[in-house]
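The values are calculated or read from the model by the stated rules, or taken from the named source; none is laboratory data. Owing to the predicted nature of the structure, the values given are computational and were not obtained by experimental measurement. All Cβ positions, glycine included, derive from the backbone under ideal geometry; neighbour counts span all protein chains shown. SASA here: full protein model, heavy atoms, side chains in, ligands and nucleic acids out. Shrake-Rupley method; radii C 1.70, N 1.55, O 1.52, S 1.80 Å.
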Amino acid sequence: MRPARLLLPAAGLVAAALLAGAAVPSGATARGPRLAVARLQYEGDDWYANPSSLPNLIAAIRERTTLAVEPREIRTTLADERLWDYPFLHLTGHGNIKFSDADAARLREYLLRGGFLHADDNYGLDEHFRREIAKVFPDRKLVDVPLDHPIYRIVYPFPEGLPKIHEHDAKPARGYGIFIGDRLAVFYSHESDLGNGWEDIGTYADDPPAAHEAAIRMGVNLFVYAVTSGPGR
C-alpha cells in the first residue's frame, strides 16, 4: 500500500517559484516538482460543475508561475490511493454533498498530513458543505480568513479579501477557513463563485472579463499557498 504521505515541495521553493505575470522559462517545469490540481468526486450532486474552470486555472498557473503543474486536471475520490500525491483538492457543486464516515476520516487525515481543500460554493452548496465538513473536523470551526492572511497576497494582492465574481443574491463574498495550527488547510469561497469566473470568457454573459481575471488571480493565490505552506501543528 502507498505510504500515507503527501509529496509537497520544500519551503525553499517559495522564493524561486513565484514570478507572477512572467513567462515560464524554457525547461523550467522539468526542474520542479510535478504538481496537480485534483477535482474531488463525491456522492451527491454535480461535483463536475464548471467543466472549463480547472483547465483554465491550470493554464494560468503554468503561464504565470514557474510551478511545474500537470497540464490536465485530475479527478479523484477520497478512497483513491493516489490521493496523497495531490496537494490541492477542489470541490464544487450546487447542492447536496455526502461524506461517509470513512470519507470524513480519510479527508481529515489528508488535511492533517499537509493537504489543502478548496471548496467553492456554486450557490446551493453551503448548508451541505458545512454539515459535511463538521464530520471531518468536529473539533474545528469554519472561521473568517483574516484579510491580512497570505492567501490574499501571496502572488496577487486582494486587500479587500475574496472577490465577488458571479451575482445571485447581492450578498458579499466571504472567505472561510479551517486552520491546523497556523496553516490554512481548508478554504471555503462563499457567495463568490470563483469556478464560474474560471470558466471560458463568455460562458456567463453577465460576468465581464475583469471578473474572469480577478477569479483567475485568486485561484493562482490559492494553489500557490497550498503547495508552499508546510503541514500545520
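Annotations
- Overall form of region 47-204: rounded. Here a/c, set by the Cα gyration tensor axes a ≥ b ≥ c, is under 1.5.
- Whole-Hz couplings from phi, Karplus 6.51/-1.76/1.60, listed for region 45-51; x for Gly and Pro: 8, 7, 4, 8, 4, 6, x
- Taking θ as phi - 60° and the Karplus parameters 6.51, -1.76 and 1.60, the scalar couplings of region 120-134 work out to 10, 5, 8, 6, x, 7, 3, 4, 6, 5, 4, 5, 6, 5, 5 Hz in sequence order, x denoting glycine and proline.
- Sequence-distant lysines (8 or more away, or on other chains) whose Cα lies within less than 17 Å of Lys98: Lys135
- Packing, taken as the mean count of other beta carbons within 10 Å per residue, orders the peptides 99-109, 210-220 from highest to lowest as 210-220, 99-109.
- What region 36-154 shows is 40 Å² of accessible area per residue, with the surface traced by a 1.4 Å probe over protein heavy atoms.
- Between Lys135 and Arg75, full extension at 0.36 nm per residue minus the direct alpha carbon distance yields a gain of 19.3 nm.
- Between Tyr48 and Arg153, the simple spin-label model (points 7 angstrom out along Cα→Cβ) gives 4.2 nm.
- Take the Cα of Asp169, go 7 Å toward its beta carbon, and the backbone nitrogen atoms of region 118-140 under 19 Å from that spot belong to 119-133.
- Solvent-accessible ranking of Arg39, Arg131, largest area first, probe 1.4 Å: Arg131, Arg39
- Cα-projected label distance for Asp200 with Ala105, points at 7 Å along beta-carbon direction, nm: 4.4
- Expressed as a whole percent, the accessible area of region 86-160 that falls on carbon and sulfur atoms is 53 (1.4 Å probe).
- Note on Tyr123 and Val143: with the Förster distance fixed at 25 Å, the Cβ-Cβ geometry gives a FRET efficiency of about 0.70.
- The largest accessible area among Tyr110, Tyr42 belongs to the first residue in Tyr42, Tyr110, and the rest follow in falling order (1.4 Å probe, all chains).
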